[in-house]
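Q: Pasting in a structure now, in structure tokens, and then I'll have a few things to ask.
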Amino acid sequence: LGLDQDPDAISHATGRLAQFGGRVTLRQANFRDAGQVLDSLGILGIGGALLDLGISSRQLENGDRGFSLMRNGPLDMRMDPRRDLTAADIVNSYSEEELTRIFRDLGEEPASRRIASQLVKQRKTSPFHETIQLAKAIEKIVGRHGRRHPATQIFQALRMEVNDELQALQDGLLALASRLEPGARFAVIAFHSLEDRIVKNFFRDRSREFLDRPEWPEPRPNPDFQFALVTSKPVEPSPEEQRENARSRSAKLRVAERI
Ligand SMILES: C[S@@+](CC[C@H](N)C(=O)[O-])C[C@H]1O[C@@H](n2cnc3c(N)ncnc32)[C@H](O)[C@@H]1O
């Protein structure tokens, strides 16, 4: 069973996996709704789950989707086009404080406040509708330092806000963990530190058999104990893999096994 919230990914995978016939079922769905999808298929427990998070090369390379700061297109960034909120809506309607918060918290961008304040000024006369327009405006505000485009972190923040990525990850981890059968493995590939922190904490909090606090006379059983860690440190791509596939560079794989 494969889920993706992007209908284009589902139609692409349908063609690629056709040779497997009835062994594959694909559904356009957010993985936070995995429980409902499993219910609709009459599946109670699952023997394993893999979350391959973030954005795909297909999405990034299609300028019309609005994810790329190199290819011009509408400021969209929705992985699921049935949703309403686009990146343009955020840039043109969020308050300066809200923009600062998402640029800082989701983009980890040091110049968040300066960028937010300038964008709010500029949008009064020329609202932002296209990716290159926004990328150039940000480049003008912060200048160019190093090899990375100066708008990279802002684009990441907008994409994560549009798709509610961190909350969807929290919800998806819970939804899938509750359906894993004993011995089933849960593997998650994250592509940046905010995602990886959520995955790390999720597995850590559920792999401790006992909890202890200084004020307790003795350790108490952990009510959330349900996993054994398979990877205590994340698995990262080797230098060869990174050379062959530059986009694997930031990937971190964590795996836990349902007890
Ligand atoms: C890194 S790509 C991997 C795609 C696929 N595994 C492949 O190798 O081609 C991530 C995919 O996850 C999808 N995605 C991201 N967040 C999602 C969510 N909350 N629910 C469902 N799909 C999601 C994106 O639309 C994208 O197609």
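The values are calculated or read from the model by the stated rules, or taken from the named source; none is laboratory data. Bear in mind the structure is a predicted one, so any value in this text is a computation, not a measurement. Glycine also receives a Cβ, built like all others from the backbone with ideal geometry; neighbour counts cover every protein chain displayed. All accessible areas refer to the heavy atoms of the entire protein, side chains included, with ligands and DNA or RNA removed. Shrake-Rupley method; radii C 1.70, N 1.55, O 1.52, S 1.80 Å.
Q: Residues in the range 43-56: is at least one among the hydroxyl-bearing types (Ser, Thr, Tyr), within 20 Å of the chain's Cα centre (by Cα) and farther than 18 Å from ALA135 by Cβ?
A: yes
Q: Determine whether the range 185-198 contains at least one residue that is under 24 Å from ARG101 (Cα atoms) and in contact with a His (Cβ under 8 Å, 6 or more places away or on another chain).
A: Within the range 185-198, not a single residue is under 24 Å from ARG101 (Cα atoms) and in contact with a His (Cβ under 8 Å, 6 or more places away or on another chain).
Q: May I ask you to verify whether ARG123 is more than 25 Å from ILE55 (Cα to Cα) and assigned to a helix (DSSP H, G or I)?
A: yes
Q: Another one. Since LEU166 meets every condition but one in (1) under 30 Å from GLY45 (Cα atoms); (2) assigned to a loop (DSSP other than H, G, I, E, B), which condition does it not meet?
A: The single condition LEU166 does not satisfy is (2).
Q: Also: Please state which one of ARG101, ARG83, ARG78, ARG113 is assigned to a loop (DSSP other than H, G, I, E, B), of a type outside the set (A, V, I, L, M) and surrounded by 15 or more Cβ atoms within 10 Å (Cβ to Cβ).
A: ARG78
Q: Which of the following residues is at positive phi and not assigned by TED's automatic domain parsing to the domain that holds PRO150: GLY35, GLY21, GLY47?
A: Criteria check complete, one pass: GLY21.
Q: Of the residues in the range 155-186, how many are open to solvent by 10 Å² or more (accessible area, probe 1.4 Å) and within 12 Å of the ligand (Cβ to nearest atom)?
A: Final tally of qualifying residues: 9.
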